[in-house]
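Presented below is the structure to which this report refers.
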């Protein structure tokens, strides 16, 4: 499937019907439920967290794969973290790449439980890495286990949560001699990232709706 998507993208675009079909993966293939849109008030969030949350919306697989394939890295040396991982779609897509570890950080208990169930349904032989886990936690407090990192965000929260999350990403990146990366989809608060010396914009895709930042290493 990954080769098919890469080929479509190499042709300079993806037909609308092709995009629809690609977006059905992995739900149709594995019988999981990772799609849809869910408003913050339906996410079973702590009230102190809910006011900073953004609706859940699934990431388009073809965009995610494009960004991951474009990273100038040996994936096997990196930890992947999805901030606001929702139902786990990005975790399942990231498992196509040989990351050393894959983590999803989600504050909603409802979505976290769905993600855990979805991960359990994927046959191990369909995943490049078996070290895939969903973590129920507030992104503002989560500390990455190891670096270097590829951090992914689909505009999951406002600046109040984003600021400390960026702090912890930068702290983790500083512990590695290799550069880390932030992939930011629907970058509503890109000005906050741009203002930080640790983060440097490296590339932009899909009419700048997906930005890739390098995070300075020590």
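Right, residue 118: over 27 Å from residue 204 (Cα atoms) and assigned to a helix (DSSP H, G or I) or not? It is true that residue 118 is over 27 Å from residue 204 (Cα atoms) and assigned to a helix (DSSP H, G or I). Pairs are defined by a Cβ separation below 7 Å, a sequence spacing of at least 6 or placement on different chains, a first member in the stretch 195-218 that is without any contact (Cβ under 8 Å) to a residue 24 or more places away in the chain, and a second member that is surrounded by fewer than 15 Cβ atoms within 10 Å (Cβ to Cβ) and assigned to a loop (DSSP other than H, G, I, E, B); no pair meets this definition.
Filter the stretch 87-107 for residues that are more than 18 Å from residue 164 (Cβ to Cβ) and in contact (Cβ under 8 Å) with a residue 60 or more places away in the chain; which is surrounded by the fewest Cβ atoms within 10 Å (Cβ to Cβ)? Going through the qualifying residues, I end up with 96. If I ask for residues that are touching a residue at least 24 places away in the same chain (Cβ under 8 Å) and farther than 28 Å from residue 138 by Cβ, which ones from the stretch 61-76 would you list? Those that are touching a residue at least 24 places away in the same chain (Cβ under 8 Å) and farther than 28 Å from residue 138 by Cβ: 62, 65, 66, 69, 70, 76.
In this structure, does residue 151 turn out to be under 18 Å from residue 101 (Cβ atoms), in contact with a helix residue (DSSP H, G or I) (Cβ under 7 Å, 6 or more places away or on another chain) and part of a loop (DSSP other than H, G, I, E, B)? Against the criterion (under 18 Å from residue 101 (Cβ atoms), in contact with a helix residue (DSSP H, G or I) (Cβ under 7 Å, 6 or more places away or on another chain) and part of a loop (DSSP other than H, G, I, E, B)), residue 151 does not qualify. All of 111, 45, 91 fail the test of being in contact with a strand residue (DSSP E or B) (Cβ under 8 Å, 6 or more places away or on another chain), modelled with pLDDT under 95 and not in a helix (DSSP H, G or I), apart from 45.
The values are calculated or read from the model by the stated rules, or taken from the named source; none is laboratory data. All figures in this text were calculated on a predicted structure; none of them were measured in a lab. Backbone-built Cβ (ideal geometry, glycine too); neighbour counts: all protein chains shown.
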